[in-house]
Amino acid sequence: MPANPIPDNLRSDHLFLLVGANALPNWVAAKLLLNEDGHVYLIYTDAVKDEAAKRLRRVLQKEGFKVSEGDDILTREADAHEIARALKTSLDTLKGKSVGLNYTGGTKMMAVHAHREFSKVFRDKAVFSYLDAGSLKMKFDDGNEYAVGTAVQITPETLLKLHDDFEEGKMPYEKEVKSQNAAAALSQVNSHRAGVETWRKTWLNLKEEFPTRQDFLAQLNLIEGELPNKQQPDARAHNKIIAGYDALLLALQVNAGNSLEAIATANDFGTKEKLVNWLKGNWLEHHTLSQLRQIADTAQLNPQGTILNLIARNDEDRLTESDVLALRGYQLFYFSCFAGNDRKVAKLKLLEAVVRAAQLGGDEARVALVSCVEQGKVTALGNEVEKEWENKVRVRVFGNEDLETLAHKLKRWFDQADSK
């Protein structure tokens with residue numbers, strides 16, 4: 001892990017954090033701005049007392065930070081007198097000591113009033129800072145700023161525990177790719193609209209046996225005959241779809257007459273139903289994860305920071321689900337996968353992903369839809385969603401022509417993600 005980019009003179013023995021609804025920036029600040037053996041103090045309102053503040057304290061305590069509920073400062077959101085009163089006792093006892101205030105969380109009014117009170121007590125001795133979501137930099141009131149990069153690396157478990165009450169072992173997800181070669185073959189089959197439509201008709205007809213090559217060719221010829229001339233595949237695309245199906249048969253060790261149950265067992269799917277669900281669409285999640293793994297080092301993704309099929313239930317039995325997550329430093333890259341080409345459905349999935357990503361990763365989160373949507377529609381779809389969100393989110397849509405070279409396209413997106 002890279003060294004802490006924050007110089008010693010900008011770190012504090014006593015660090016105060018304004019806590020808002022998303023405690024992720026507070027966690028980052030504690031990691032970067034506190035001297036060894038220092039103390040953390042949380043400032044918050046009733047609105048986040050039993051949610052973000054409680055979870056943040058629990059996570060920090062588990063990681064060895066000195067943070068006690070008895071040192072917390074409960075105040076009101078926009079009441080200058082109340083904020084001053086709440087802070088006075090704590091601040092008076094720390095006069096002459098190394099003190100910092102990170103005002104990333106909370107509201108703007110809380111930040112203004114807290115900043116004013118710290119300035120009164122410590123004059124020019126306190127260190128003021130905030131974490132800028134747009135640049136991923138820690139910025140200080142004296143004009144200094146430092147890129148956080150991957151100096152702070154969060155795990156999926158910690159990220160989730162900052163947002164909900166999960167017990168150990170109640171966050172099941174998959175770390176390993178299932179049938180990577182088969183998923184790559186299906187990305188080739190679905191690289192053209194004719195292949196997408198043919199594969200959809202193929203898996204809809206799955207019953208007990210895997211469709212033969214002849215069955216697939218007949219379905220492909222039928223679909224191609226129904227497409228308008230300008231949407232029909234050329235000879236190269238036609239042959240690529242067939243080659244992809246042949247590669248799928250080879251990857252899954254499919255022989256004539258094999259039952260789906262036998263194929264599921266041979267490929268560690270467990271049951272026929274799980275195999276069928278994978279063929280219907282889960283293959284795209286596994287393909288996305290395998291492509292992320294290929295670029296993990298060059299894209300500087302966190303070790304153990306890529307997962308798929310998260311299904312987590314909290315203590316109140318609320319469910320959190322996601323397709324694929326990748327973490328770089330403390331920044332979340334959230335992937336929704338849609339093995340179809342219906343533009344309206346794709347848009348709904350992208351919008352849902354934007355909401356969930358913001359809930360988990362805050363303003364720093366980036367969102368992508370990996371889909372079989374035709375290439376000519378993907379850019380317009382992404383622009384449309386960004387416009388509806390008044391350009392407050394950054395999204396990327398990958399279409400059918402991106403699937404075979406997805407690792408390369410993902411790497412380019414990671415490189416550009418923070419410059420847009």
- Hand me the list of helices (runs of 4 or more DSSP H) wholly inside the range 212-272 holding 2 or more residues that are within 34 Å of the chain's Cα centre (by Cα) and at pLDDT 90 or above. 235-251, 260-266
- Task: Keeping to the range 174-210, report how many residues are of a type in the set (S, T, N, Q), surrounded by fewer than 22 Cβ atoms within 10 Å (Cβ to Cβ) and in a loop (DSSP other than H, G, I, E, B).
- Result: 1
- Within the range 83-111, which residues are loosely packed, with under 15 Cβ neighbours inside 10 Å and part of a helix (DSSP H, G or I)? 85, 88, 89, 92, 108, 109
- Expected output for the range 119-131 (first residue closer than 20 Å to residue 330 by Cβ and open to solvent by 20 Å² or more (accessible area, probe 1.4 Å), partner at pLDDT 90 or above and among the aromatic types (Phe, Trp, Tyr), Cβ below 7 Å, 6+ apart or cross-chain) is 130/103
- Message: On the basis of being polar (S, T, N, Q), open to solvent by 70 Å² or more (accessible area, probe 1.4 Å) and farther than 23 Å from residue 237 by Cα, does residue 331 make the cut?
- Response: no
- Query: In this structure, does residue 388 turn out to be over 16 Å from residue 323 (Cβ atoms) and in contact (Cβ under 8 Å) with a residue 40 or more places away in the chain?
  - Reply: no
- Within the range 363-396, the residues that are farther than 20 Å from residue 328 by Cβ, in contact with a strand residue (DSSP E or B) (Cβ under 8 Å, 6 or more places away or on another chain) and aliphatic (A, V, I, L, M) are 373, 378, 381, 385
- Subset of the range 8-34 (residues that are open to solvent by 40 Å² or more (accessible area, probe 1.4 Å) and of a type outside the set (A, V, I, L, M, F, W, C)): 8, 9, 11, 13, 31
- Task: Could you grab the pairs with beta carbons closer than 6 Å, sequence gap of 6+ or different chains, first residue in the range 394-413 and of a type in the set (Phe, Trp, Tyr), second one not in a helix (DSSP H, G or I)?
- Result: 398/370; 413/396
- Yes or no: residue 343 under 23 Å from residue 136 (Cα atoms), free of Cβ contacts under 8 Å to residues at least 40 places away in the same chain, open to solvent by 40 Å² or more (accessible area, probe 1.4 Å) and among the charged types (D, E, K, R)? no
- Query: What are the residues in the range 241-259 that are farther than 15 Å from residue 182 by Cα and open to solvent by less than 60 Å² (accessible area, probe 1.4 Å), if any?
  - Reply: 257, 258, 259
- Selection status of residue 71, farther than 27 Å from residue 134 by Cα and in contact with a helix residue (DSSP H, G or I) (Cβ under 8 Å, 6 or more places away or on another chain): yes
- Restricting the range 374-403 to residues that are assigned to a loop (DSSP other than H, G, I, E, B) and either at pLDDT below 95 or open to solvent by 60 Å² or more (accessible area, probe 1.4 Å) (or both), which is farthest from residue 230 (Cα to Cα)? 392
- Query: For the range 35-47, which residues satisfy the criterion of being open to solvent by less than 20 Å² (accessible area, probe 1.4 Å) and within 22 Å of residue 159 (Cβ to Cβ)?
  - Reply: 40, 42, 44
- Task: Report, by residue number, each residue of the range 266-294 that is in contact (Cβ under 8 Å) with a residue 12 or more places away in the chain and surrounded by fewer than 20 Cβ atoms within 10 Å (Cβ to Cβ).
- Result: 266, 267, 268, 272, 276, 280, 281, 293, 294
- Query: Which ones in the range 404-418 are open to solvent by 70 Å² or more (accessible area, probe 1.4 Å) and among the charged types (D, E, K, R)?
  - Reply: 404, 412, 415
- Note on the structure: Residue hits (the range 76-121; of a type in the set (S, T, N, Q) and either over 17 Å from residue 26 (Cβ atoms) or touching a Phe, Trp or Tyr at 6+ places or on another chain (Cβ under 9 Å) (or both)) are 89, 90, 93, 98, 102, 104, 119
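The values are calculated or read from the model by the stated rules, or taken from the named source; none is laboratory data. What you see is a predicted model; the values in this text were computed from it and never measured. Virtual Cβ from ideal backbone geometry, glycine too; neighbours counted across all protein chains shown. Please note that ligands, DNA and RNA were not included when accessible areas were found on the heavy atoms of the full protein model with its side chains. Shrake-Rupley method; radii C 1.70, N 1.55, O 1.52, S 1.80 Å.
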